[in-house]
Protein chains: 2
Amino acid sequence: MTKSLSRTASDAVDRLLNPRSVAVVGSLREARFGGYVTTNNLLRFGYKGKIYPVNPQYERVLDLKVYPSVKDIPEPVDLVVTMAGAPAVPKIIADSVQNRARAAIIISDGFGERNEDGKRLQQEVNRIAESGGLRLLGPNTIGVANPAIGLITTPYRVTYEKMITGGVALCAQTGLIGPQNMPLEETHYGLSKMCDFGNKCDIDEIDLLDYLVDDPDTKVIAMHLEVIRDGQLFLRKAKEVVARKPVIVLKPGRTRDSQRAMASHTGSLAGEDIIYDSAFKQAGVIRVDNFRELIDIPKVLATQPLPRGNRLALVTISGGAGVMAIDIASTHGLTLAKLSAATLEKLAAVSPVLASNPVDLGPGLPAYQVAGGIASRFPAMIEAILDDENVDCLAMACPWGVRGKIADVFGPMAKRKSKTMVVWVAGPSLSIAEEMNRDFEAIGLPTYPDGDSAIRALSVAVRYSRIQAGFSEAKGRSDEAISGQGDILR
Amino acid sequence: MTKSLSRTASDAVDRLLNPRSVAVVGSLREARFGGYVTTNNLLRFGYKGKIYPVNPQYERVLDLKVYPSVKDIPEPVDLVVTMAGAPAVPKIIADSVQNRARAAIIISDGFGERNEDGKRLQQEVNRIAESGGLRLLGPNTIGVANPAIGLITTPYRVTYEKMITGGVALCAQTGLIGPQNMPLEETHYGLSKMCDFGNKCDIDEIDLLDYLVDDPDTKVIAMHLEVIRDGQLFLRKAKEVVARKPVIVLKPGRTRDSQRAMASHTGSLAGEDIIYDSAFKQAGVIRVDNFRELIDIPKVLATQPLPRGNRLALVTISGGAGVMAIDIASTHGLTLAKLSAATLEKLAAVSPVLASNPVDLGPGLPAYQVAGGIASRFPAMIEAILDDENVDCLAMACPWGVRGKIADVFGPMAKRKSKTMVVWVAGPSLSIAEEMNRDFEAIGLPTYPDGDSAIRALSVAVRYSRIQAGFSEAKGRSDEAISGQGDILR
């Protein structure tokens, strides 16, 4: 129980996520999966530490010297990564212990998630590692990523060549968060660390919370957790972390069907959902409903200041969109800000039809397009809203007329970071929307696929702001009742 | 009350949606908005009827003869479209009456949604039209589209040149559904008809239901309705329609904030939300929660056979994704199908790790990639699932290894239409996913951005199947209680 709190444990997790050297043990044949791919990914993504490919059948691969086994590597490596077949893994872990390696990632499957033999094999591997002070991630994982140092261990081909650094730490009991599955570069998604727990035979959510709470690059922690190994410890640890950084959790397994499916693919049993629910509430952990939310919501917390209240200003491209946005906002405990007379005056100076909340760009669009374009109207409009003391946060639709001018138009206000802002692009072209989303993300404004998800993200920022402000759980509850947002922290 | 049920009314709506000739009254200056854009859109999208641009300042535009006023057009036109400034509209409508035009779309704003003067102007226009037997759509609308004849009236520039015909009729009290806002071509979205009601001074949801129920091109009707003018009539009419075609409704205005915003942009007051809720339930109308669902859910009903039950087969790319999918499925009243022994045997013949539900592609992916690719495994796998009598519907994740082979691999099973199928593409590249989605849509398989939305769409198909099977509301309710899907029809 104390292992994860000790100095040594956190050091080993640091070696896992910040290794100075990586040994890759597995097939070195050019393929879509395997040791070759991992080695190649490390090179392509610019990993600057030492790379030691390990395979008895090769001498050189990708211009790197290949070692017959981990124990032949002339120095202790920080991290061993293996995707060798399960039966070969005990020997590889034993070799790693002999090498005095600090951490190992077992990408290979066929362990606890497969059958009884696999469970025994997993226990054996665990015993070998433990006896040698080696910490293990996995098995049945794609491993970790740390964009700041170009570290990536996924054994699958990735279609892009860059990872963007940012404030979101993504941890999951699935490889779905990995760059082989998510367009992280294409969406300019900024990561601090990425970690797939896999079967979680050793390194787990407690280790990562422990590490990430002190990681200066991590602003928000997002975790997909099928199983929590020690509920009491998690509760205590999460409470500590939440006081300093938001923790967003997706905990599947609400139904018996899904609990059965979890047991079969991770080899472990889940507890009653209601227990998790209550534990999360006590700890101030924010539970989300689906994978999309787990990925998208943290962006606002990683890039924006926390809102001081729940008063929302809305910029929409049509009256109908405004009505729908307000419905979503109210459902999630946000209230429409009452703009001050001064603000309404400033908006009217930009255009009379803009002087309300929601600020509806629709009626004036034809006129703006004639006279200088919509882009020229934005700075005065948004500055006026951000200056209003009655506004805590802003959700803004951006029409595609602003394409190509995003850094110019929105750069200065993004830098101010005076209020919590979220953006969605409204337009008829997927590629233009993607380009504009990237431009917004590049200046630190989080984008969402539509108004609903943007507003939902803001509501979580409001919720965390209240949690951090020291609301006790009892206070939090009456607060929820007042604002009707009982559904936010489920 | 009877007007909308009369033969004449439905004929006029037919002229609105199937006009043999269109007069476009408005600015003919080349710009991003206006009569020039509408005329140009009609030409670009291949409208084959007669086009009469109307403007006293021009003689020719885009190779077309321009008429000084509608009454100078030498034949009665089916449809007049105007985006002229509001004060000019009464005269244009009077001219249209004189021309013996059948229907007019008033795109112009500045009417009931603006202020008291605008309300009076709207009443005046309405009176002129009514006295001349002219039916009106709008004001404050982008009008209609009918891809089968290349009809499009939006006055905004559209980035693409083609509309795909299909079974979804989209109607809304907002222009958001228009091609100037949605990537209909890029997503291969098949429309039968599109109609923006705008301020709904005349033609309304009753007229459209009346028309669409008999429209052979329309398989499913999706409506965004801020205000329903006559609840009793709607209830009666919707019940008739639902017996023949599914009706999906997005009704915003759940909260006082959003009701206020609706009043300001459409100039009309909404009723209590709970009344709508109960009316929809009685009529078998399926209410959805947000705009994304309104657009995405109808696709499955337009392209797939109705499921005979709620037993779901799942194909996922990872165990973790499977667990999350099952959670969503259970929440929406679907149950995991118990595959027959014969099916499990057939799946095991493709690969031993596939023999379960969810069918998890994950563990075998590296092996498939080596031996012939994942694409070669799909036909036998999916055919086995579709042949299983314990399976009513299938939600399938498709990895990007199938890129470029979708018509070959999935074409034959898409043609069978034996079970309800939905698809989502799992991969790390937005553009590859888009391309694959288009390929799936082109062979009639509906795609969704993720497993959650795909499964949600299936659940609506199951729900409608039960409604159509003649479940009385009382029966329906106990049925909901059994399956725990009380949230589907809200």
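The values are calculated or read from the model by the stated rules, or taken from the named source; none is laboratory data. The shown structure was predicted, so the numbers you read here are calculated from the model rather than taken from an experiment. Reconstructed Cβ throughout: ideal geometry from the backbone, glycine too, with neighbour counts over all protein chains shown.
Let's see how each residue does on (1) modelled with pLDDT of 95 or more; (2) out of contact with any Ser or Thr (no Cβ under 6 Å at 6 or more places or on another chain); (3) under 25 Å from A:Arg29 (Cβ atoms):
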{"site": "B:Ala329", "(1), (2), (3)": "yes, yes, no"}
{"site": "B:Leu339", "(1), (2), (3)": "yes, yes, no"}
{"site": "B:Pro352", "(1), (2), (3)": "no, yes, yes"}
{"site": "B:Ala355", "(1), (2), (3)": "no, yes, no"}
Among the listed residues B:Glu186, B:Glu161, which satisfies the condition of being more than 10 Å from every other protein chain (Cβ to nearest Cβ), touching a residue at least 60 places away in the same chain (Cβ under 8 Å), among the acidic types (Asp, Glu) and under 23 Å from A:Glu434 (Cα atoms)? B:Glu161
Is it true that A:Leu170 is within 19 Å of B:Met324 (Cα to Cα), more than 12 Å from every other protein chain (Cβ to nearest Cβ), under 10 Å from the mean Cα position of the chain (by Cα) and not polar (S, T, N, Q)? yes
Could you give me the residue pairs with C-beta distances under 6 Å whose first residue belongs to the range B:405-425 and is hydroxyl-bearing (Ser, Thr, Tyr), whose second residue is assigned to a strand (DSSP E or B) wherever it lies, and which are 6+ apart or on separate chains? B:Thr420/B:Cys393
Within the range A:434-451, residues out of contact with any strand residue (DSSP E or B) (no Cβ under 8 Å at 6 or more places or on another chain) and among the small types (Gly, Ala, Ser) come out as A:Ala442, A:Gly444
Hey, can you tell me all the residues within the range A:146-170 that are surrounded by 23 or more Cβ atoms within 10 Å (Cβ to Cβ), part of a strand (DSSP E or B) and hydrophobic (A, V, I, L, M, F, W, C)? A:Leu151, A:Ile152, A:Val168, A:Ala169, A:Leu170
Going residue by residue through the range B:387-404, is there one that turns out to be under 24 Å from B:Ala337 (Cα atoms), surrounded by fewer than 23 Cβ atoms within 10 Å (Cβ to Cβ), modelled with pLDDT of 95 or more and not acidic (Asp, Glu)? yes
Hits in the range B:82-131 - residues which are part of a helix (DSSP H, G or I), within 14 Å of another protein chain (Cβ to nearest Cβ) and free of Cβ contacts under 8 Å to residues at least 40 places away in the same chain: none
Which one is nearest to the other protein chains (Cβ to nearest Cβ), of the residues in the range B:399-440 that are part of a loop (DSSP other than H, G, I, E, B) and among the polar types (S, T, N, Q)? B:Ser429
Over the range A:350-394, the set of residues within 14 Å of chain B (Cβ to nearest Cβ), touching a helix residue (DSSP H, G or I) at 6+ places or on another chain (Cβ under 6 Å) and farther than 23 Å from B:Ser108 by Cβ is A:Ala375
For A:Ile467, all conditions in the list (1) among the hydrophobic types (A, V, I, L, M, F, W, C); (2) buried (at least 24 other Cβ atoms within 10 Å of the Cβ); (3) more than 30 Å from B:Gly110 (Cα to Cα); (4) away from chain B (no Cβ under 14 Å) hold save one; what is the number of the exception? (2)
Taking B:Val70, is it in contact (Cβ under 8 Å) with a residue 60 or more places away in the chain and buried (at least 21 other Cβ atoms within 10 Å of the Cβ)? no
Exactly one of these conditions fails for B:Lys338: (1) assigned to a helix (DSSP H, G or I); (2) within 14 Å of another protein chain (Cβ to nearest Cβ). Give me its number. (1)
From the list A:Leu301, A:Leu235, which one is more than 14 Å from every other protein chain (Cβ to nearest Cβ), surrounded by fewer than 22 Cβ atoms within 10 Å (Cβ to Cβ) and not small (Gly, Ala, Ser)? A:Leu235
Residue satisfying all of: in the range A:205-217; surrounded by 22 or more Cβ atoms within 10 Å (Cβ to Cβ) and of a type outside the set (Phe, Trp, Tyr); farthest from the chain's Cα centre (by Cα) among these: A:Asp207
Report yes if A:Ser340 is of a type in the set (Ser, Thr, Tyr), farther than 30 Å from A:Gly231 by Cα and either buried (at least 22 other Cβ atoms within 10 Å of the Cβ) or free of Cβ contacts under 8 Å to residues at least 12 places away in the same chain (or both), otherwise no. no
When (1) within 13 Å of chain A (Cβ to nearest Cβ); (2) at pLDDT 95 or above; (3) closer than 24 Å to B:Val168 by Cα are applied to B:Glu226, the one that fails is (2)
In the range B:380-398, anything assigned to a strand (DSSP E or B) and aliphatic (A, V, I, L, M) is listed as B:Leu394, B:Ala395, B:Met396, B:Ala397
Look at B:Pro76 and say whether it is more than 14 Å from chain A (Cβ to nearest Cβ), farther than 30 Å from B:Ile164 by Cβ and assigned to a loop (DSSP other than H, G, I, E, B). yes
